[in-house]
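As structure tokens, the structure follows; a few thoughts come after it.
The values are calculated or read from the model by the stated rules, or taken from the named source; none is laboratory data. Remember, it's a predicted structure, so these values are computed and weren't measured experimentally. FYI the Cβ positions are ideal-geometry reconstructions off the backbone, even for glycines, and counts take in every protein chain you see.
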Amino acid sequence: MYIFTTDADDVPTIYDIGSVTLGDDDTTTTVAVATRGIAGVTIAPIGMGSDSFVNWTSINLPPDAVPRDQLSLLSVVQWLASDAGPYAGGKIVSKTDFPLACQQATLRYFARLQRNAVQAGGCTVQIGEETKRIDTDLASRVNLVGAVALATMTTSDFSMDWRLSDNSIVTLDAATMVAVGSTVARFISAAQLRKNAIDAEVDARTEAMSDEEFAAAKAGIAEGWPS
């Protein structure tokens with residue numbers, strides 16, 4: 001059995017739960033765990049997981065983690081993924097579901113990477129009669145929020161120079177600054193909605209894909225984003 005976890009950046013890790021050993025003293029339970037890379041993200045071939053491991057480790061369960069009369073691989077895995085275990089919040093996956101779970105985790109990870117790249121990659125805005133491109137990395141968005149707030153408060157007295165993606169500078173009045181901020185906010189939201197749609201499509205799958213199907217699904221992640 002396996003436990004899938006993700007970190008703050010949605011990087012997935014698989015814990016391959018191996019043998020469960022009861023100590024001679026009948027009080028110590030030890031489980032062997034192999035940490036794997038995920039398909040297409042670190043060391044695994046596309047789509048199907050890997051036989052290469054990052055490391056092996058052994059975990060000694062607390063004496064009261066699993067009652068002796070209920071000891072089994074499943075009960076141990078459930079404890080490992082419980083709030084009290086080392087992989088709290090992890091998703092328990094059977095060997096049968098392992099190929100699909102690898103594919104789903106991989107596609108969600110690359111969808112997040114694509115969303116982050118799109119959101120930080122700039123978008124087009126209307127400034128007067130011209131269409132310009134503006135930076136939308138996190139620092140630029142923070143600056144834009146402050147500028148929009150100031151424009152909203154000062155209105156008629158507002159005027160601010162703003163550097164565009166091509167390094168040119170334009171002077172924006174209050175109405176234009178607010179409009180630019182609104183455009184960027186809608187752009188960021190549209191990128192998140194696209195990721196949500198990809199995640200929903202990925203999670204709806206019930207069977208593992210062939211290598212060709214997986215490659216097509218992965219390639220499709222690059223499509224349909226706002227610009």
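Mind checking which residues of region 150-167 are of a type in the set (Phe, Trp, Tyr) and either assigned to a loop (DSSP other than H, G, I, E, B) or more than 34 Å from the chain's Cα centre (by Cα) (or both)?
Passing the criteria: only Phe158.
Please go through region 183-199 and give me each residue that is surrounded by fewer than 20 Cβ atoms within 10 Å (Cβ to Cβ), under 27 Å from Met153 (Cβ atoms) and either not hydroxyl-bearing (Ser, Thr, Tyr) or not assigned by TED's automatic domain parsing to the domain that holds Thr154 (or both), ordered by number.
Ala185, Arg186, Ile188
Which members of region 173-182 meet the condition of being crowded, with 17+ Cβ neighbours inside 10 Å and either β-branched (Val, Ile, Thr) or outside any helix (DSSP H, G or I) (or both)?
Thr176, Val178, Val180
Would you be able to say whether some residue in region 110-129 is assigned to a loop (DSSP other than H, G, I, E, B) and of a type in the set (Phe, Trp, Tyr)?
no
Would it be correct to say that Val125 is touching a helix residue (DSSP H, G or I) at 6+ places or on another chain (Cβ under 8 Å) and either modelled with pLDDT under 95 or buried (at least 17 other Cβ atoms within 10 Å of the Cβ) (or both)?
When the stated conditions are applied, Val125 passes them.
Check off (1) within 30 Å of Ser94 (Cβ to Cβ); (2) aliphatic (A, V, I, L, M); (3) out of contact with any Leu (no Cβ under 6 Å at 6 or more places or on another chain) for Ala208 and give me the number that stays unchecked.
All conditions are met except number (3).
Between Ala200, Ala191, Ala185, Ala147, which is touching a residue at least 60 places away in the same chain (Cβ under 8 Å) and assigned to a helix (DSSP H, G or I)?
Residue meeting the stated conditions: Ala191.
Go through (1) outside any helix (DSSP H, G or I); (2) in contact (Cβ under 8 Å) with a residue 60 or more places away in the chain one by one and return the number of the condition Val170 breaks.
(2)
Residue-by-condition table, conditions (1) in contact with a strand residue (DSSP E or B) (Cβ under 7 Å, 6 or more places away or on another chain); (2) at pLDDT 85 or above; (3) surrounded by fewer than 16 Cβ atoms within 10 Å (Cβ to Cβ); (4) not assigned by TED's automatic domain parsing to the domain that holds Asp199:
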position	(1), (2), (3), (4)
Val11	no, no, no, yes
Asp25	no, no, yes, yes
Thr30	yes, yes, yes, yes
Val41	yes, no, no, yes
Gly47	yes, no, no, yes
Ser58	yes, yes, yes, yes
Pro63	no, no, yes, yes
Gly85	no, yes, no, yes
Arg108	no, yes, no, yes
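Asp97 - would you say it is loosely packed, with under 15 Cβ neighbours inside 10 Å, farther than 30 Å from Leu164 by Cα and either free of Cβ contacts under 8 Å to residues at least 60 places away in the same chain or not assigned by TED's automatic domain parsing to the domain that holds Val20 (or both)?
When the stated conditions are applied, Asp97 does not pass them.
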